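**Student:** One structure follows; several queries about it will come next.
Here, each number is a calculation from the coordinates, and none is a lab measurement. What you see is a predicted model; the values in this text were computed from it and never measured. Note: ideal-geometry Cβ built from the backbone for every residue, glycine included; neighbour counts use all protein chains shown.
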């Protein structure tokens, strides 16, 4: 089976003349944290705040919950992962240097992701941890006792991109169970569990629909504002200095001006600086490289479009199919990224559907792999593993790409109805396969004729036409 590129892809610029000069850019890509880089711009921006943030709102004075909320691209994750967490590890709160910190992103299976995160920091490796977490709302508190030393050690559970609990988790009972477990763990006076979540501001209403969680959010939320001009300048100059390079003053002025107050500034800035770093002139980041990359707003979209134009027609058809599968459609909010199994993306091939298609470019599995390799190499896709099956997964690295790449916006606007039908079908086919019988699903029967052949779930495409007709309307 195809093995995806490593999660933290490192590209060494051919222009680097000094092998001792760090080849990775001064700002990390989305998803990298304290273990990957010693410095993040937004974390440094908030360096005078982690202690007051923790003491005053959530983790000090007996508090055990903290929500960090801000607009997309404002630096929420950076504040936590490169500001607050290192501060805790250094003893920012009494005894916090001894705390165990487990981090995860919910995905579609948050309880399994939590289990894996706990096992990574466990002093003991208990059997049946998943069963403990699933049993009842006291599961997280019990699990903490099982994995921690027999002393007064504390466990901090950090949930990044908490909005995925509401966008990717389809099972309401599974979502409610984990939320209840979090609430029970942080409200029990005997608990040794603290919880930190980061949440996009446009999803702030979602946790408020759960009364007990809403009370915690109301009392213990810290707001992260977008970068101001001084923050922006520091975000350029300071990481570059630590990486052993300098930035031309004209470059700094151009970037600060271009970013302004636009939404999603941090990921755009990160990617633009990555492009500039790869085009640097020895140890200098130049204005010329910045302009050649397309600038803050253009660097991400320009790279995505260049890669698209570099594919042959079959590869371009594959790119369209794959990117549509990597987006969760927003209902009254922005579209967001969706983590997909590699096996699902492989089924996007339409080479076996010539009889059903009309004027559709055929592409093969090799085209899918070539496309994913290309976008992964340039840090536009990231790779991980499913927490349940450990199967490879693929995800858009920057949600800003969904907003900024015109071609992707066009694809999404033209395909919203079909995408919603695809997600309904995927759920129906999962039921079909799990029960080993054809479900009485009107969605499957009525939606099938209008769905593009390559979007029909793989297992269902192996069913015969007669078996499809037996689905109850």
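**Student:** So if R0 is 25 Å, what FRET efficiency would residue 171 and residue 414 give, r being the distance between their Cβ atoms, rounded to the nearest 0.05?
**Tutor:** With a Förster radius of 25 Å, E is 0.25.
**Student:** Short version: what are the Cα gyration tensor semi-axes of the stretch 47-223, square root of 5 times each eigenvalue, largest first, in whole Å?
**Tutor:** Here the semi-axes work out to 22, 21, 14 Å.
**Student:** Which percent of Cα pairs goes in each bin when the distances of the stretch 193-322 are cut into 5 angstrom slices starting at zero?
**Tutor:** 2, 9, 16, 15, 12, 11, 11, 12, 8, 4, 1, 0
**Student:** By how many nm would the segment from residue 204 to residue 98 grow when fully extended, if each residue of separation counts as 0.36 nm and the alpha-carbon distance is taken off?
**Tutor:** Taking 0.36 nm per residue and subtracting the Cα distance, the gain is 35.0 nm.
**Student:** What is the gain in length, in nm to one decimal, between residue 233 and residue 187 on full extension, counting 0.36 nm per residue of separation less the C-alpha to C-alpha distance?
**Tutor:** 12.5 nm
**Student:** Go ahead and run the numbers for FRET between residue 364 and residue 388, Cβ-Cβ distance against an R0 of 25 Å, rounding to 0.05.
**Tutor:** 0.30
**Student:** Pulled fully out, how much extra length does the chain show between residue 284 and residue 241, if you take 0.36 nm times their separation in residues and subtract their Cα-Cα distance?
**Tutor:** Additional length available on full extension: 14.5 nm.
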